Amino acid sequence: MKKGWFLLLIALIVVLFVLNLLLGTVKIPVTDVLGILISGGSESYSSVFSNIIWSSRVPQALTALMAGAGLAVSGLQMQTVFRNPLAGPSVLGISNGASLGVALVVLMSGSLGGVALSRLGYLGDVAMSVAAIVGALAVMGLIVWVAQRIEGNVTLLIIGVMIGYLANAIIGVLKFFSNEEDIKAYVVWGLGSFARVSGDQMVLFVVLMAILLPLSMLLVKTMNLLLLGDAYAKNLGLNIQRSRSLVILSSGVLVAIVTAYCGPIMFIGLAVPHLARALFRTSDHRILMPATMLAGGGLALLCNLIARMPGFEGALPVNSVTALVGAPVIAAVLFRKS
């Protein structure tokens with residue numbers, strides 16, 4: 001039964017990936033899409049179609065696939081560490097740290113430098129990505145340091161939430177003193193998008209995620225032991241504080257990289273682990289980790305497809321679509337728990 005679900009998830013990912021290449025505001029015949037992919041964009045096909053496929057749709061689909069998988073795994077790790085079904089990748093304020101880093105760069109660039117970062121094109125995108133990574137890693141470093149010095153999960157959770165509130169407060173102050181163009185650039189970044197990554201950035205993002213996701217699988221045994229409770233895990237020889245710090249570090253790095261490249265993507269990390277548990281009916285992370293990875297990638301591809309459906313001018317914000325998909329899942333979990 002479990003093998004059947006895995007095969008179904010893989011088949012869905014393949015179908016959704018192909019649909020992401022076929023559908024969009026510009027209609028491209030199926031034969032042309034297949035020909036462009038097989039030929040690598042040779043001159044025998046329309047240069048416009050070839051450019052759309054290789055410069056827009058393929059990078060978007062790959063980014064959505066890897067980002068969805070990363071956020072889903074991060075959410076599973078957070079829910080396991082805190083043994084809380086409503087814990088997500090942003091629960092410790094790491095996403096807020098990334099947002100604060102971007103806010104400091106974007107909202108202060110016009111006020112101090114006199115030039116809005118949004119006008120700098122590729123250089124501005126790189127600056128925002130670097131700022132998001134620095135902000136997220138700074139908060140994650142603080143959380144890991146705190147995790148090594150306190151034992152209670154609830155205390156750590158409260159500290160993470162407070163860090164998130166503090167970051168949002170600073171962002172609010174920066175918005176108040178910033179000009180309209182900088183605020184708009186920051187708001188657009190905060191809506192989330194898989195279309196922001198292209199070219200060398202996309203290659204680097206895919207390579208980083210292809211390294212981080214298999215590394216996260218090394219924590220499967222640790223996460224299974226954490227599910228047993230601190231006392232039982234200690235009796236089995238597990239160092240609780242070190243193990244918790246490693247899982248938080250893994251989750252935080254995944255969130256930091258995805259947020260830096262795609263903006264803060266909501267609900268995927270929160271909802272997908274519940275979908276995987278419902279499908280596979282197990283708490284064994286040897287099954288849940290790859291299942292969550294596949295389901296997260298598939299759901300992100302679906303959300304990206306809905307955001308770019310024909311009939312829409314441009315693309316809808318990804319966070320609007322992920323909320324429409326994720327919110328019912330969370331509501332169902334709450335009803336089932338009650």
- Per the rule of 0.36 nm per residue minus the C-alpha distance, extending residue 332 to residue 148 adds in nm 62.8 nm
- Rounded to the nearest 0.05, what FRET efficiency do residue 217 and residue 155 have when you use their Cβ-Cβ distance and R0 = 30 Å? 0.55
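Calculated FRET efficiency, residue 184 and residue 126, Cβ-Cβ r, R0 22 Å, to nearest 0.05?
Values: r = 19 Å, r/R0 = 0.88.
According to the calculation, E is roughly 0.70.
How high is the relative contact order of the chain, in percent, counting Cα pairs under 8 Å that sit 6 or more residues apart? Display every interim value, and only then the final one.
Working: 498 pairs, mean separation 107.4, N = 338.
Result for the chain is 32 percent.
Figure the gain on full extension for residue 282 and residue 166 (residue separation times 0.36 nm, minus the Cα-Cα span) and round it to one decimal in nm.
Numbers: separation 116, 0.36 × 116 = 41.76 nm, distance 3.72 nm.
Stretched out fully, the residue 282 to residue 166 stretch lengthens by 38.0 nm.
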- Task: Can you check what the Kirkwood hydrodynamic radius comes to for the chain, Cα pairs only, in Å to one decimal?
- Result: 20.8
- Task: Would you list the membrane-span-like helices of the chain, meaning whole DSSP H runs whose alpha-carbon atoms span at least 24 Å along their axis and whose mean Kyte-Doolittle value is at least 1.0?
- Result: 2-22, 58-82, 122-147, 153-176, 199-216, 240-262, 285-307, 318-337
- Message: Given a 10 angstrom Cα cut-off, can you work out which residue in 172, 97, 190 is the most mobile in a GNM of the chain?
- Response: 172
- Item | DSSP loop trypsin sites (Lys or Arg not before Pro) with at most 15 other Cβ within 10 Å: longest gap in the chain | 150-280
- Message: Could you give the length gained by full extension between residue 15 and residue 31, i.e. 0.36 nm per residue of separation minus their alpha carbon distance, to one decimal place?
- Response: 4.2 nm
- Message: If I build a Gaussian network model for the chain, linking alpha-carbon pairs within less than 10 angstrom, which residue out of 278, 256, 138 has the largest mean-square fluctuation?
- Response: 278
- Note on the structure: Among chymotrypsin sites (Phe, Trp or Tyr not before Pro) in the range 128-216, those in a DSSP loop whose Cβ has at most 12 other Cβ atoms within 10 Å are 177
- Rounded to the nearest Å, the spacing of the alpha-carbon centers of the range 285-311 and the range 256-278 is 9
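Read the figures in this text as sums done on the coordinates, not as results from a lab. Source: prediction; values computed, not measured. Ideal geometry is used to build each Cβ from the backbone, glycine not excepted, and the neighbour counts take in all protein chains shown.
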